Each structure stands twice: as C-alpha cells, then as structure tokens.
Amino acid sequence: MKYNLKNVYDPSLPHQINDFINYLGTIKGKSTNTIDAYKFDLTMFFRFLKLYRGMVANNVEFENIDIKDIDNDFIRSITLSDLYAFLAFVENYRDNGNYARARKVATLRSFFKYLQGKAKIIDENPTLELESPKINKRNPIYLTLEESKNLLNAIDGKNKERDYCIVTLFLNCGLRLSELCGIDISRIKGDTLTVTGKGNKERTIYLNKACIKAIERYLRVRNANADKIKDKDALFISRNYTRINKRTVEMLVKKYVGKAGLDTDKYTPHKLRHTAATLMYKYGDVDIRSLQQILGHENVSTTQIYTHVDDEKLREAVKSNPLSGEYEEDTTKK
C-alpha cells in the first residue's frame, strides 16, 4: 500500500496541530473531510494570531503566513479575547456566517480540549467560556413524493441502469454521498447492505424491493464488462471502469434534477438523503430513534430536524383521541 505522508505529517504546520490531526484520525476515527476542515480552521486561526500580534511583515499575504514556528509558550499565551478577535475577523473579513463560525468554535474547543487533556500542553483551557453563534434551526430541503417519482422517471441514456440505481438508493436508503460511492458488491447480502459512514463506523442498510430490483438490473449491465473493470468489488463504476467518484455522482444528479424540471441549485445528493429521511418519517411510521439508526446519526438531535413533517400526524393524533367526541353542549347560545 502506498501511504501519503502528508496525511500523517504536514511540515508546514506546527507539531501541535499535526499531533492533534493524527489523534483525530487514529483515535477518534474522524473522516478525511472532517480532518481537512479542522486543519483549515486551525491554520487560519494561527495565521490570524500572528497577524493580530504584529508578528508578520506588511508585505506578506495572509495565505503565506508561516505558522510552523508556533511553540508551546505561544499556545499558552492564547486568551479568550484572542478567540473572540478571531471570530470577529472571520465574520468581518472572511464573510463567515453563523454556521461557518460555529464550526470554527467547535474546532477550537476540540483542539484546546486535546491540548489540555491529552497533550498536557496547557493548564487552563481558554475555550471553556467561548460561546458559539446562535443558529436558528432550518427545516431540511427535500423532494415531495411526486417530485421524487418525476426524478426517477427522468433518468435515461446509456448509463440509465447505473444512474437509476444510484438515485433509487439515495431516495430509499438515505445514504451519504461518500457511502454510496464506497459501496462494495461483497457487502450486499440479500436485502442488507453494509456501508462505512462517518468516523469509519459501519452500519447495516435494509434494502426494499425497489433497491434490490435496481441493483439486480444494473449488475447485469455492469457485469457485461467485468473484464474491463479495475476495481472488481466496487458497485458503481465510472466510464473509465474505476470506482465512481463523488463529483461524477453530483453531476449526474444535477443533470436529472434539471430534466425533471426541478431546481438544480437546490437539490443535491445530500438533499436526496433528506428526501429519503423525510419520506420514511412521513409515510413509513418510523420513530425518531429508528430513523437515527437508519441515517447513521451519532446524536438524535441531528435527526430531529425531520420532525417538521409531524404537524399533520399530531393533528390526526389529537383527533383520534377516544375522548375527542366527548364535549359538553354549549347552552349559552340561544
């Protein structure tokens, strides 16, 4: 196996960040995307601090500020005021909204918790009093049942069987984009599929009749070119006979969303995941804990965004109460 040492040690970063990144990957099992986001946020944070403290020459571009000389004494000198100054900087000069700033707060909290509890570099954690921007809950964007059917009916072309199978799995199973691209044929057993989700956690997906039929139909086409396929176990194959990548899936979803007469900027693979979750919750009589397990959410609070579809259920539940017909006649009316 060929290792990318850049993922293990980045010489442009101080060792404290490299150690933290390795901890996230090996001990906490964080995904590559999460690790890259933490690395990006911490790099920006330390570049800002050096600029904020007047440690950078005037002619140096922000992206070129060298931070590999950051030492433990520098880290111990960081205060809560520095943290709020950084958040003001990303809001005013980087146009970061509440969500982006909340992510940076989460990164800083995780990093300084590691520095105090694991690396033993600091005695006091400056992020303990750091507040996160208030984020208003947003209802998930999703397709209606009719729009979902229209999307499936819009799929055609030379890759119809593959693309139909992809969209079917998105709409029925609530898969993440990375999970779908990573599906191996060997992990499909009857009506079950095992996928690897966030944090390298495995979970079992149960396949309904539509998914099983779509997979069977696609496999007949796929296996006709079995001798050309380079990744023999990959379910979804690109035109180059390698495992399909995220960008290809994003583009094909966008194409069919447009052909179905829907907003191509609004509906992405992740919105199809929202659609699956919403349809299951709305029509499948699935409780929130079961939906959490299906989607692979670590916390049920993440899954609770789908309870927005409950209004009609709640109305009907109240109406079905056996006491709903028991009321006293109003004798005040003449």
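The table for this structure:
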read-out: Condition met for Val249 (touching an Asp or Glu at 6+ places or on another chain (Cβ under 8 Å), within 18 Å of Lys158 (Cα to Cα) and part of a helix (DSSP H, G or I)); value: no
read-out: Count of region 209-246 residues which are closer than 19 Å to Leu171 by Cβ and exposed (fewer than 12 other Cβ atoms within 10 Å of the Cβ); value: 2
read-out: Residues that are under 25 Å from Leu177 (Cα atoms), among the charged types (D, E, K, R) and surrounded by fewer than 18 Cβ atoms within 10 Å (Cβ to Cβ), drawn from region 15-57; value: Lys28, Asp36
read-out: Total residues in region 131-144, condition crowded, with 17+ Cβ neighbours inside 10 Å and either within 18 Å of Asn96 (Cα to Cα) or in contact with a Leu (Cβ under 7 Å, 6 or more places away or on another chain) (or both); value: 1
read-out: Residues of region 221-245 satisfying the condition of being in contact with a helix residue (DSSP H, G or I) (Cβ under 9 Å, 6 or more places away or on another chain), within 19 Å of Arg187 (Cβ to Cβ) and part of a helix (DSSP H, G or I); value: Arg222
read-out: Test: Ile205 is at negative phi, out of contact with any Gly (no Cβ under 7 Å at 6 or more places or on another chain), assigned by TED's automatic domain parsing to the domain that holds Ala234 and part of a strand (DSSP E or B); value: yes
read-out: Qualifying positions in region 57-81 - more than 16 Å from Thr43 (Cβ to Cβ) and either polar (S, T, N, Q) or part of a helix (DSSP H, G or I) (or both); value: Asn58, Asn59, Asn72, Asp73, Arg76, Ser77, Thr79, Leu80, Ser81
read-out: Members of region 257-272 that are touching a helix residue (DSSP H, G or I) at 6+ places or on another chain (Cβ under 6 Å), assigned to a helix (DSSP H, G or I) and not aliphatic (A, V, I, L, M); value: Pro269
read-out: Test: residue in region 145-167 that is buried (at least 20 other Cβ atoms within 10 Å of the Cβ) and of a type in the set (Asp, Glu); value: yes
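Here's the yes/no breakdown for (1) in a strand (DSSP E or B); (2) free of Cβ contacts under 8 Å to residues at least 60 places away in the same chain; (3) touching a Ser or Thr at 6+ places or on another chain (Cβ under 7 Å); (4) farther than 21 Å from Arg222 by Cα:
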residue	(1), (2), (3), (4)
Tyr142	no, no, yes, yes
Glu146	no, yes, no, yes
Leu151	no, no, no, yes
Arg162	no, no, no, no
Ile166	no, no, no, no
Asn172	no, no, no, yes
Ser178	no, no, no, no
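The values are calculated or read from the model by the stated rules, or taken from the named source; none is laboratory data. Predicted, not measured: the structure shown is a model, and the values here were computed from it. Here Cβ is always computed from backbone atoms with ideal geometry, including for glycine, and neighbour counts include all displayed protein chains.
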